[in-house]
1. Restricting attention to segment 192-207, which residues are surrounded by fewer than 24 Cβ atoms within 10 Å (Cβ to Cβ) and on the phi > 0 side of the Ramachandran plot?
2. For R243, indicate whether it is buried (at least 16 other Cβ atoms within 10 Å of the Cβ), under 19 Å from E195 (Cα atoms), more than 19 Å from the chain's Cα centre (by Cα) and not aliphatic (A, V, I, L, M).
3. Just to be sure I understand the filter: pairs with C-beta atoms under 7 Å, separated by 6 or more residues or on different chains, first member in segment 109-125 and closer than 13 Å to Y152 by Cα, second member part of a helix (DSSP H, G or I) and among the hydrophobic types (A, V, I, L, M, F, W, C). Which pairs pass?
4. Got a number for residues in segment 208-236 being within 24 Å of the chain's Cα centre (by Cα) and surrounded by fewer than 23 Cβ atoms within 10 Å (Cβ to Cβ)?
5. Residues that are under 27 Å from D254 (Cβ atoms) and either at pLDDT below 95 or not in a loop (DSSP other than H, G, I, E, B) (or both): does segment 72-79 have at least one?
6. Is it true that some residue in segment 46-53 is of a type in the set (G, A, S) and over 28 Å from I159 (Cβ atoms)?
7. Just a yes or no: is a residue in segment 276-290 within 30 Å of K13 (Cβ to Cβ), of a type outside the set (D, E) and without any contact (Cβ under 8 Å) to a residue 40 or more places away in the chain?
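The values are calculated or read from the model by the stated rules, or taken from the named source; none is laboratory data. This one's a predicted model, so the numbers in the text were calculated from it and none came from an experiment. Note that each Cβ is placed from the backbone with ideal geometry, even for glycine, and that neighbours are counted across all protein chains shown.
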Amino acid sequence: MKIGIDGSRAFLKQRTGVEEYSYQVIRQLRTRLKEHRVILYLRGTQRVDFSVPKNWQIKKIRFPRLWTQIGLSMELFLHPIDVLFVPAHTVPVFHPKKTVVTIHGLEYEIMPEAYSPFERFYMRFSIKNSCRWATKIICVSKNTKRDLMNLYEVPEDKINIVYEGYEDKTGELDWEDGSEVEEMKPYLFFMGRLEKRKNILGIVEAFDLFKKKTKAKHKLVLGGKFGFGEAEIRERIEKSEYRKDIIILGYVKDVKKWQLFKNAAVFLFPTLYEGFGLPVLEAQSQGVPVVTSNTSSLPEVANGSAYLVDPTEPEMISEAMITLVQNEKMAKDMIKRGYENIKRFSWKNCADLIATVLTE
């Protein structure tokens, strides 16, 4: 069997959630598709940073714009394959009869105000068609499955739920000088895109309340690039009475990211909607108590191991911050439950289930 994999999102220099999923799944699939010929499609400038088996071929498609719908489509038309796997939403208009796509979430439908009109149009067009064209759809949570069935009327028998994975690779990293992170302590930490859907406005509001009530020395550290709503978020931070204690890091490289997780007093992830919520597991793996939302997929991922809050209530978020900072016993109990929770997830299991869908 000849299996093609869209690797265009996996090998970006700065990976966020969907890109990290693509990278980890492809990395794990190397040992699970040994009996088949595999073609990994990349953009012209991308490079694979791990070794690939002899039965794998890397094919670079040098098409600057509309890479998926024109570049990849043309490649599949001229050189047909048996199965195509798209780990990040968008199926090309020309595709093999058996096509498998991963849908991570319908954030733009649940929170349209957090996206530009063009983003909403493009994502709705591409994901609706991806669901229609694919023979099998992988959803990363039960929540995403429900959304697909309710909003897009996707048949249930077309959907497979395969949770994202988690694997602690911190032991393999070359740890750099951590003095910069030490100087920030104590701090509350958020990691992700700084945008309205991630509830950065609510987090800043909750931090203000936390500081007013406790007079604590804690800072708020925000890691990640800005997304939709940057101007409004920056304006709100500037208006904060505690703006000197709010640190905006921008994109954070891998080693520093893990240093920030490990040294945080509390990890804050009370976002407005998530298809999965991998940062919850990353924080738990480093022994950090987590505050996250009681909506979308997050209760499913946390499974009783995090402090759940209504993300639209800054007062509730601030109370969670105060509790975990001041109640050492509760924080330690939550850390213990977090360690148990992450055992449910692995990229190995994720890739095993995907490989089964591709080859059945």
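1. Across segment 192-207, the qualifying residue is only G192.
2. Against the criterion (buried (at least 16 other Cβ atoms within 10 Å of the Cβ), under 19 Å from E195 (Cα atoms), more than 19 Å from the chain's Cα centre (by Cα) and not aliphatic (A, V, I, L, M)), R243 does not qualify.
3. Short answer, once both residue conditions are applied: E109/L151.
4. Of the residues in segment 208-236, 12 are within 24 Å of the chain's Cα centre (by Cα) and surrounded by fewer than 23 Cβ atoms within 10 Å (Cβ to Cβ).
5. no
6. yes
7. Looking through segment 276-290, at least one residue is within 30 Å of K13 (Cβ to Cβ), of a type outside the set (D, E) and without any contact (Cβ under 8 Å) to a residue 40 or more places away in the chain.
Every residue, every condition in (1) under 19 Å from R15 (Cβ atoms); (2) hydrophobic (A, V, I, L, M, F, W, C), yes or no:
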position	(1), (2)
R30	yes, no
L40	yes, yes
K54	no, no
L72	no, yes
G105	yes, no
F118	no, yes
